[in-house]
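Student: Please read through the structure below; I'll follow up with questions.
The values are calculated or read from the model by the stated rules, or taken from the named source; none is laboratory data. Since we're looking at a predicted model, the values are computed, not measured. Here the Cβ positions follow ideal geometry from the backbone for every residue, glycine too, while neighbour counts run over all protein chains shown. Each accessible area value is taken on the protein alone, full model and side chains, heavy atoms only, with ligands, DNA and RNA left out. Shrake-Rupley method; radii C 1.70, N 1.55, O 1.52, S 1.80 Å.
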Amino acid sequence: MNDPIRHQFPSLKRMVHGRPIVHFDGPAGTQVPQSVIDAIVNVYTHSNANSHGQFVTAHETDLLLNRCRTQVAALLGAEGPETISFGANMTTLNFSLANAIARTLQPGDEILITQLDHEANRGPWLNQRRHGIIVREVGLEEDGNIDYADLEKKISERTRVVAIGLASNIFGTVNEIDRVRQLAYEAGALLVVDAVHYVPHLLTDVQDIDCDFLLCSAYKFYGPHVGLLYSRPGALDSLNTDRLRVQTQRAPNRIETGTQNHAALAGVSAAVDFLASLGQGNTTREKIIDAMSIIQKHERGLAQKLYLGLRDLDGVEVYGPPLKEEHRAPTISFTIDNIRPDAVCKFLADHSICAWDGHFYAKRAVEVMDLMEVGGVTRMGIAVYNTEAEVDYAIATLQKLVAG
Ligand SMILES: Cc1ncc(COP(=O)(O)O)c(C=O)c1O
């Protein structure tokens, strides 16, 4: 399946140090297909206007916004376009959401976050402590899973919000969201899900998850930098968000401030079209369902190879749940004895391979695992355009590094 896909990504043709560049940096942002670039260029070339006007280009912007909400709703399995709001990025949207939800809380109310989560789903909630709200943190186990016993201990009728990721951007862990949903439901708490690292790799179904809010970010699934928020029908309308009196007061606009990035939103629709084009079906949702199972199979195969190849290298420790688990994101983090992650990534970069070192804002997890002092981990993420040859090349390159 790879060549017709790779062919669509102009940036993959780039040569670095005399070799085609290898992108294992997808968890920090994937490459973009030509169709996404064209959709963005088309807005500036032909129909650059604000929304809600009487003239042709303004009308086109209205259509573009509505189409983008419809496409993202199909990607997430949402009820309809009115459940999808836009923002600058996931972090900004989550701050707005957390501030709005906190206005419904009283001092002494509790919010539950986890040690595994990206700071984007911790910081906005930790901030609420200034209002006397108590924020509790669910622990992390050594195998990269959250401590469910700790979660059961810490959730109570005082818990008003459970904020949790679907997949970890550092260890690839996929959380048992059904179990969390049940506990949140019994406690009467809202469930806010960070799906930034999940949406590009596994089929997302917000109605099946039964969450109140879910956030993701288009630049992780082959689109431009736009944050996306799903709100359960009615959930956003009852929140006191930061907004202007002149704007539309209802969902999905209620949490959107100012003019949106229309060109980028055309790119988001094109990114969903790109994903849908990889599957078969009569509707966009059907195509997405098929496409995500193809993507999952492809990415899992490569991640498995990378995981096993790394594990066999001397002095390498790989983190996170084993790849044999059905639900795991294809993201592999590791350390090498006596070689700091920044040196590993520099060596890889010298061999035309892009990989990240550090904590990737999953800083609490790195602290808890005692990895801060060694510079965090090296992270390699598999995307739809990666190939077996690239994985083999990365393993061989790291073998050279380890052999000294
Ligand atoms: C799991 C996870 N959550 C949240 C974010 C933040 O997303 P954004 O950059 O859109 O604010 C990231 C970004 O790396 C992430 O990986």
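Student: Which fully enclosed helices (runs of 4 or more DSSP H) of region 39-127 have 3 or more residues being more than 16 Å from the ligand (Cβ to nearest atom)? Lay out the reasoning, then the answer.
Tutor: On the way: elements: 56-76, 90-102, 123-126.
Counting at least 3 such residues, we get 56-76, 90-102.
Student: crowded, with 17+ Cβ neighbours inside 10 Å, among the aliphatic types (A, V, I, L, M) and not assigned by TED's automatic domain parsing to the domain that holds Thr378: does that describe Ala58?
Tutor: On the way: crowded, with 17+ Cβ neighbours inside 10 Å: no; among the aliphatic types (A, V, I, L, M): yes; not assigned by TED's automatic domain parsing to the domain that holds Thr378: yes.
No; evaluated as a whole, the condition is false for this residue.
Results for (1) out of contact with any Ser or Thr (no Cβ under 8 Å at 6 or more places or on another chain); (2) open to solvent by less than 10 Å² (accessible area, probe 1.4 Å); (3) over 18 Å from Gly172 (Cβ atoms); (4) touching a residue at least 40 places away in the same chain (Cβ under 8 Å), shown as yes or no for each residue.
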{"position": "Leu302", "(1), (2), (3), (4)": "no, no, no, yes"}
{"position": "Leu308", "(1), (2), (3), (4)": "yes, no, no, no"}
{"position": "Thr335", "(1), (2), (3), (4)": "no, no, no, yes"}
{"position": "Lys346", "(1), (2), (3), (4)": "yes, no, yes, no"}
{"position": "Lys363", "(1), (2), (3), (4)": "yes, no, no, yes"}
{"position": "Met380", "(1), (2), (3), (4)": "no, yes, no, yes"}
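Student: For region 1-38, name all the residues that are within 16 Å of the ligand (Cβ to nearest atom) and polar (S, T, N, Q). Steps first, please.
Tutor: From region 1-38, those within 16 Å of the ligand (Cβ to nearest atom) are 23-32; that's our starting set.
Within region 1-38, Thr30, Gln31 qualify.
Student: Between a first residue in region 77-102 that is within 16 Å of Pro252 (Cβ to Cβ) and a second residue that is buried (at least 24 other Cβ atoms within 10 Å of the Cβ) and of a type in the set (Asp, Glu), which pairs have beta carbons less than 8 Å apart while being 6 or more apart in sequence or on different chains?
Tutor: Met90/Asp194; Asn94/Asp194
Student: What is the one condition in (1) in contact with a Leu (Cβ under 9 Å, 6 or more places away or on another chain); (2) closer than 30 Å to Asp392 by Cα that Met90 does not satisfy?
Tutor: Condition (2) is where Met90 drops out.
Student: So Ser352 clears everything in (1) touching a Pro at 6+ places or on another chain (Cβ under 9 Å); (2) more than 25 Å from Met292 (Cβ to Cβ); (3) open to solvent by 20 Å² or more (accessible area, probe 1.4 Å) except one condition, right? Which one?
Tutor: It fails just one condition, (3).
Student: Here's another thing I want to ask about it. Working only within region 180-197, note down all residues that are aliphatic (A, V, I, L, M) and either within 11 Å of the ligand (Cβ to nearest atom) or open to solvent by less than 20 Å² (accessible area, probe 1.4 Å) (or both).
Tutor: So the first thing to find is which residues in region 180-197 are aliphatic (A, V, I, L, M), and the list is 180, 183-184, 187, 189-193, 195-196.
Those that are aliphatic (A, V, I, L, M) and either within 11 Å of the ligand (Cβ to nearest atom) or open to solvent by less than 20 Å² (accessible area, probe 1.4 Å) (or both): Val180, Ala184, Ala187, Ala189, Leu191, Val192, Val193, Ala195, Val196.
Student: Restricting the search to region 198-208, which residues are open to solvent by 10 Å² or more (accessible area, probe 1.4 Å) and within 13 Å of the ligand (Cβ to nearest atom)?
Tutor: Tyr198, His201
Student: Go through the residues of region 337-347 one by one and say whether even a single one is within 27 Å of His298 (Cα to Cα), of a type in the set (Gly, Ala, Ser) and out of contact with any Cys (no Cβ under 6 Å at 6 or more places or on another chain).
Tutor: No, every residue in region 337-347 fails to be within 27 Å of His298 (Cα to Cα), of a type in the set (Gly, Ala, Ser) and out of contact with any Cys (no Cβ under 6 Å at 6 or more places or on another chain).
Student: Can you confirm whether region 209-224 contains a residue that is open to solvent by 20 Å² or more (accessible area, probe 1.4 Å), outside the structural domain of Thr331 (by TED's automatic domain parsing), within 16 Å of the ligand (Cβ to nearest atom) and closer than 19 Å to Pro124 by Cβ?
Tutor: yes
Student: I've got another one for you. Given Gly227, Gly188, which one is small (Gly, Ala, Ser), outside the structural domain of Tyr307 (by TED's automatic domain parsing) and on the phi > 0 side of the Ramachandran plot? Can you show your working first?
Tutor: Numbers: Gly227 fails: on the phi > 0 side of the Ramachandran plot.
Only one candidate passes the filter, namely Gly188.
Here's the yes/no breakdown for (1) closer than 19 Å to Phe24 by Cβ; (2) among the small types (Gly, Ala, Ser); (3) touching a strand residue (DSSP E or B) at 6+ places or on another chain (Cβ under 8 Å):
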residue	(1), (2), (3)
Ile177	no, no, yes
Leu183	no, no, yes
Glu186	no, no, no
Val192	no, no, yes
Val196	yes, no, yes
Pro200	yes, no, no
Asp208	no, no, no
Leu215	no, no, yes
Ala218	no, yes, yes
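Student: Related question: Kindly establish whether Gly77 is open to solvent by less than 40 Å² (accessible area, probe 1.4 Å), under 30 Å from Ile332 (Cβ atoms), outside the structural domain of Glu157 (by TED's automatic domain parsing) and not polar (S, T, N, Q). Steps first, answer last, please.
Tutor: Working: open to solvent by less than 40 Å² (accessible area, probe 1.4 Å): yes; under 30 Å from Ile332 (Cβ atoms): yes; outside the structural domain of Glu157 (by TED's automatic domain parsing): no; not polar (S, T, N, Q): yes.
Spelling it out, it is not the case that Gly77 is open to solvent by less than 40 Å² (accessible area, probe 1.4 Å), under 30 Å from Ile332 (Cβ atoms), outside the structural domain of Glu157 (by TED's automatic domain parsing) and not polar (S, T, N, Q).
Student: Taking the options Ser51, Ser35, Ser47, Ser11, name whichever one is within 30 Å of Thr378 (Cβ to Cβ) and of a type in the set (Ser, Thr, Tyr).
Tutor: Working: Ser51 fails: within 30 Å of Thr378 (Cβ to Cβ); Ser35 fails: within 30 Å of Thr378 (Cβ to Cβ); Ser47 fails: within 30 Å of Thr378 (Cβ to Cβ).
Going through Ser51, Ser35, Ser47, Ser11 in turn, just one is within 30 Å of Thr378 (Cβ to Cβ) and of a type in the set (Ser, Thr, Tyr): Ser11.
Student: List pairs: first in region 12-41 and over 27 Å from Ile170 (Cβ atoms) and open to solvent by 30 Å² or more (accessible area, probe 1.4 Å), second assigned to a helix (DSSP H, G or I) and within 16 Å of the ligand (Cβ to nearest atom), Cβ under 8 Å, 6+ apart or cross-chain?
Tutor: Ile37/Gly267; Ile40/Ala264; Ile40/Gly267
Student: Something else now. Would you mind telling me which numbered condition in (1) at pLDDT 95 or above; (2) away from the ligand (no atom under 16 Å from the Cβ); (3) within 27 Å of Asp109 (Cβ to Cβ) Ile177 fails?
Tutor: In the conditions (1) at pLDDT 95 or above; (2) away from the ligand (no atom under 16 Å from the Cβ); (3) within 27 Å of Asp109 (Cβ to Cβ), Ile177 misses (2) alone.
Student: Would you check if Arg136 is open to solvent by 20 Å² or more (accessible area, probe 1.4 Å), more than 16 Å from the ligand (Cβ to nearest atom), assigned to a strand (DSSP E or B) and among the basic types (Lys, Arg)? Steps first, answer last, please.
Tutor: Working: open to solvent by 20 Å² or more (accessible area, probe 1.4 Å): yes; more than 16 Å from the ligand (Cβ to nearest atom): yes; assigned to a strand (DSSP E or B): yes; among the basic types (Lys, Arg): yes.
So Arg136 fits the description; yes.
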